[in-house]
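Right, one structure below, let's go through it.
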Amino acid sequence: MHQEVFLNLIEPLKPNLFGFAFRMLRNREDAQDAMQELMLKLWNNRKKLETTGNIKTYAFTALYRDCIDRLRKRNRFRLVTGTDFIEVLDNTRIDRDFENIDLIRQIRMAMDNLPPKQKIILELRDFQDFDYDEISTMLNMTVNAVRVNVARSRATISEKMKKEISYGT
């Protein structure tokens, strides 16, 4: 695979990959380091990418595993929420009005209280648009376990959002 073909495949994925790493690692420099490591790994395995069915899944899986390793080294496991998310929105060039940003911020804050595995699964499903099969492959889980985790996460967040909306009424 030539460099131009490689870049054409990877460049569109970079904003979402960076956002995912940033939300997992909660630190811009660590996310940039993870991205650099990922790009190096993808470049070194570019011949394998030609035969890999889904490059997006492959890249997110590699990034997920690298981020988990980094978090284990730091001995903590949290995802970014709150005002940090607005900074990620700027980097991924998402054009949203203020109300949508506020809603997403509230959802992210509700996600903070989810168990770590549920946070990651919900992030991959609802924010990165992976299907259940891809997530199950990435996290080495059954498809049914992924579906159950998504349903539980959504139900928990839905309850929190209902409480937030009805507060004061």
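Evaluate the range 147-164: report whether one residue or more is in a helix (DSSP H, G or I) and under 19 Å from Asn54 (Cβ atoms). First the steps, then the outcome.
Applying the first criterion (in a helix (DSSP H, G or I)) to the range 147-164 yields 147-164.
Then keep just the ones that are under 19 Å from Asn54 (Cβ atoms); that gives none.
Scanning the range 147-164, I find no residue that is in a helix (DSSP H, G or I) and under 19 Å from Asn54 (Cβ atoms), so the answer is no.
Quick check, is Met161 surrounded by fewer than 18 Cβ atoms within 10 Å (Cβ to Cβ), over 15 Å from the mean Cα position of the chain (by Cα) and at pLDDT 90 or above? Walk me through how you get there before you give the answer.
Working: surrounded by fewer than 18 Cβ atoms within 10 Å (Cβ to Cβ): yes; over 15 Å from the mean Cα position of the chain (by Cα): yes; at pLDDT 90 or above: no.
Spelling it out, it is not the case that Met161 is surrounded by fewer than 18 Cβ atoms within 10 Å (Cβ to Cβ), over 15 Å from the mean Cα position of the chain (by Cα) and at pLDDT 90 or above.
Considering (1) modelled with pLDDT under 85; (2) in contact with a helix residue (DSSP H, G or I) (Cβ under 6 Å, 6 or more places away or on another chain), say which one Arg23 fails and leave the rest.
(2)
What are the pairs, 6+ residues apart or on separate chains, where a residue within the range 2-15 that is surrounded by 12 or more Cβ atoms within 10 Å (Cβ to Cβ) has its Cβ under 8 Å from a residue that is modelled with pLDDT of 85 or more and aromatic (Phe, Trp, Tyr)?
Listed pairs, sorted by first residue: Phe6/Trp43.
Please work out if Glu29 is surrounded by 15 or more Cβ atoms within 10 Å (Cβ to Cβ), out of contact with any Phe, Trp or Tyr (no Cβ under 6 Å at 6 or more places or on another chain) and modelled with pLDDT of 90 or more.
Working: surrounded by 15 or more Cβ atoms within 10 Å (Cβ to Cβ): no; out of contact with any Phe, Trp or Tyr (no Cβ under 6 Å at 6 or more places or on another chain): yes; modelled with pLDDT of 90 or more: yes.
It is false that Glu29 is surrounded by 15 or more Cβ atoms within 10 Å (Cβ to Cβ), out of contact with any Phe, Trp or Tyr (no Cβ under 6 Å at 6 or more places or on another chain) and modelled with pLDDT of 90 or more.
The values are calculated or read from the model by the stated rules, or taken from the named source; none is laboratory data. Model, not experiment: these values are computed from the prediction. Backbone-built Cβ (ideal geometry, glycine too); neighbour counts: all protein chains shown.
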